[in-house]
Every structure is written in structure tokens, then in C-alpha cells.
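**Student:** Questions regarding the structure given below will be posed in turn.
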């Protein structure tokens, strides 16, 4: 954690970044009272840039910042990360030297989002399971997007401390014959089948491809021709124009709820589970129809415990940005 907010002046400008597998969201923040205010922000496609240094330099355009915190989609070791879904290597020390920023911090993107949970207002979340809220208890975060991220928020007696995780890469555990058949087909294709192979944008397409039933010819052709097959599958599932897409999204939501429940048990997240990432807001009607929560709570003898754990969907895509700024400001929530 960086130095506390009392050591930043009103003129301080901080750079926050959320570097995903597909796009990078950036913002400049300034301390403001008990929170922060946005100076500038942008979202850029990673495919348009050679590396993150060019992304940051283009956004800053010569503007000076006091410190930067980047949340990146990949494991971080000693300020350095290689993003498995993009191929970029991000090095905090190298970026500080090349961009002239006094302090650069690199954290896992889910760690940044987890720090941002404290900044969320009621309008920024949708509750799937009210449970029994316990503010002074462990929390957990799971987020499907280009990949599958997870993080723990451990209550240390005074505050929540974020611990990053790469739990999305553990072996996928199917729960019924349909999921077992999908696992077998994905194993033949990929060898090791992680939860991310199912719970991600590419994962939804993997599930669709692994199903054995025929689809409406017109719907199948639209999905096959789409630039973003996962988006096309989602649309066809939500409007009911593809039986196979409906089945794929149902399976996706079942697995998402079950793995969120697995994470809740591992973290003993009595304080709640937050569902982040870019996919959840897009499939919110499916998440709210009871299927997700049913799979979340289906933990045998621990079913009663699971029903007491609140589950919330994060709607605000700027959560990781605010979390990165909050990290620099000593954990101060901001807007």
C-alpha cells in the first residue's frame, strides 16, 4: 500500500490503469476532500498498441503525474507481470524510468477491483442473494471477462486486506453429466481444462462448440460469421433465437454460480461475494433468474451457510480504476 492520503496535496495527480486482455481503461485522479475526483479518462483497444508503455505515453501526452497504479490481467511478481491473454510484459521499474513517473505500482487487476469495492455505491451493484450482511468478515471477488479472475478480501480485525489469486486456472470440476461431457470434449481439445476455459468470453464459445445438439441453421450461421462469437452466442441466448446458445449460456451460469460458491467456501466469505468483470452486466437477466444462486448454494451440508452469504454483481466498469487510485491513496474510497 502506498503512502497515506494525508501526504498527498490537492494538486497531486495520480494515474490509474486497468489493463485487460482486450482493452485498457485509464484515468487521472486528484485527491478531493475525503475522496478523489477524475481529471481525465480514456479507454483504448490494446490491439492498436505494441505495449503498455505506448498506451500510457499516448494517454499522458506529456502530463506529469506523481504516481501510477496499474491493475493488470495476470500474476504479478516483484512489480513485474506477463499477461497470459495478451503477451505483454509489464515492469513497474522500467515504466517509471521510461515515462518519468516517480512511483509505479503494478498489481493484479482483480486486486485493483477488490480495493475498489469499498468505493461502490448502491447504484453500482445488483444483489443476487441478500444473505445476512457481515461487514467485518472476509469477502471474495470473482470476475469473468477475457479471462477469469479471483481475489480475496481478508478482514484483519481493522480493515479488508486484498490478496490476489490465480484460482481461475485450477481444474474445472463438472457437477452433472452434461458438464462432464463438455469437460471431456474440451480436454480432447486443450488437455488441461481450467475454469477459465469455461468461464470467460472465449470460454462461452468453447462451451457452445462442445455441446452436442444441433442448432437452427440460420442462428448457427450468424454465430459462425460473427467477429465476436461469444457476444453473438450471448445475444442469441438472451433473445431465444438459438437453442444451442440458450443451453450454452445456461451451463455457463450454472458453472459461474458453482465456482463463485467454491471461492466463497475457500475464503469463508461471510462478508459477501462480488461478481465483477465485463460479462456479468451483459447477462444480468440470466444471473437474476435464480440459476446462479441455486448453483452457488448447492454445497450439500453447507447449503444453509451459503444462503447467508450475500452475492452482488458489480455494474460499474470503473471499479478497478478507482481501486487503483484508492491503493495509492492508502485505501481511501473515492468517486
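The values are calculated or read from the model by the stated rules, or taken from the named source; none is laboratory data. All values derive from a computational prediction rather than experimental measurement. Counting neighbours? That spans all protein chains shown, and the Cβs are built from the backbone with ideal geometry, glycine included.
**Student:** For residue 87, only one of the following conditions fails: (1) within 22 Å of the chain's Cα centre (by Cα); (2) modelled with pLDDT of 85 or more; (3) surrounded by fewer than 14 Cβ atoms within 10 Å (Cβ to Cβ). What is its number?
**Tutor:** Unmet condition: (2).
**Student:** When you go through (1) crowded, with 16+ Cβ neighbours inside 10 Å; (2) modelled with pLDDT of 85 or more; (3) part of a loop (DSSP other than H, G, I, E, B) one by one for residue 24, which number turns out not to apply?
**Tutor:** Only one criterion in (1) crowded, with 16+ Cβ neighbours inside 10 Å; (2) modelled with pLDDT of 85 or more; (3) part of a loop (DSSP other than H, G, I, E, B) is unmet by residue 24, namely (3).
**Student:** Here is a follow-up. Output the residues belonging to the range 183-218 that are under 20 Å from residue 165 (Cβ atoms) and assigned to a loop (DSSP other than H, G, I, E, B).
**Tutor:** 192, 193, 198, 199, 200
**Student:** Related question: If you check residue 168 against the conditions, is it closer than 25 Å to residue 296 by Cα and either free of Cβ contacts under 8 Å to residues at least 12 places away in the same chain or part of a strand (DSSP E or B) (or both)?
**Tutor:** no
Let's see how each residue does on (1) in contact with a helix residue (DSSP H, G or I) (Cβ under 6 Å, 6 or more places away or on another chain); (2) more than 19 Å from residue 21 (Cα to Cα):
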site	(1), (2)
59	no, no
69	yes, no
83	no, no
87	no, no
93	no, yes
102	no, yes
107	no, no
110	no, no
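Every residue, every condition in (1) closer than 30 Å to residue 157 by Cβ; (2) buried (at least 19 other Cβ atoms within 10 Å of the Cβ); (3) more than 18 Å from the chain's Cα centre (by Cα), yes or no:
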position: 263; (1), (2), (3): yes, yes, no
position: 267; (1), (2), (3): yes, yes, no
position: 304; (1), (2), (3): yes, no, yes
position: 309; (1), (2), (3): yes, yes, yes
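**Student:** Find the residue count for the range 271-282, including only residues that are at pLDDT 95 or above and buried (at least 20 other Cβ atoms within 10 Å of the Cβ).
**Tutor:** Total satisfying the criteria: 8.
**Student:** Can you pull out the residues in the range 234-247 that are touching a residue at least 12 places away in the same chain (Cβ under 8 Å) and either under 21 Å from the mean Cα position of the chain (by Cα) or surrounded by fewer than 23 Cβ atoms within 10 Å (Cβ to Cβ) (or both)?
**Tutor:** Those that are touching a residue at least 12 places away in the same chain (Cβ under 8 Å) and either under 21 Å from the mean Cα position of the chain (by Cα) or surrounded by fewer than 23 Cβ atoms within 10 Å (Cβ to Cβ) (or both): 234, 238, 241, 243, 244, 247.
**Student:** Sort out which residues of the range 47-78 are buried (at least 20 other Cβ atoms within 10 Å of the Cβ) and in contact (Cβ under 8 Å) with a residue 40 or more places away in the chain, and write them in order of number.
**Tutor:** Passing the criteria: 52, 56, 65, 67, 68, 69, 70, 71, 72, 73, 76.
**Student:** A further question on this structure: Inside the range 76-129, counting only strands (runs of 3 or more DSSP E) that do not spill past its ends, which hold 2 or more residues that are more than 26 Å from residue 66 (Cβ to Cβ)?
**Tutor:** 125-129
**Student:** Within the range 151-179, how many residues are under 20 Å from residue 247 (Cα atoms) and surrounded by 12 or more Cβ atoms within 10 Å (Cβ to Cβ)?
**Tutor:** 6
**Student:** Something else: Exactly one of (1) in a loop (DSSP other than H, G, I, E, B); (2) buried (at least 17 other Cβ atoms within 10 Å of the Cβ); (3) over 16 Å from the mean Cα position of the chain (by Cα) is unmet by residue 133. Its number?
**Tutor:** The failed condition is (2).
**Student:** Of the residues that sit in the range 283-296 and are touching a helix residue (DSSP H, G or I) at 6+ places or on another chain (Cβ under 9 Å) and surrounded by fewer than 16 Cβ atoms within 10 Å (Cβ to Cβ), which one is farthest from residue 315 (Cα to Cα)?
**Tutor:** In this case the residue turns out to be 294.
**Student:** Checking residue 161 against (1) out of contact with any helix residue (DSSP H, G or I) (no Cβ under 6 Å at 6 or more places or on another chain); (2) without any contact (Cβ under 8 Å) to a residue 12 or more places away in the chain; (3) part of a helix (DSSP H, G or I), which test does it fail?
**Tutor:** Failed condition: (3).
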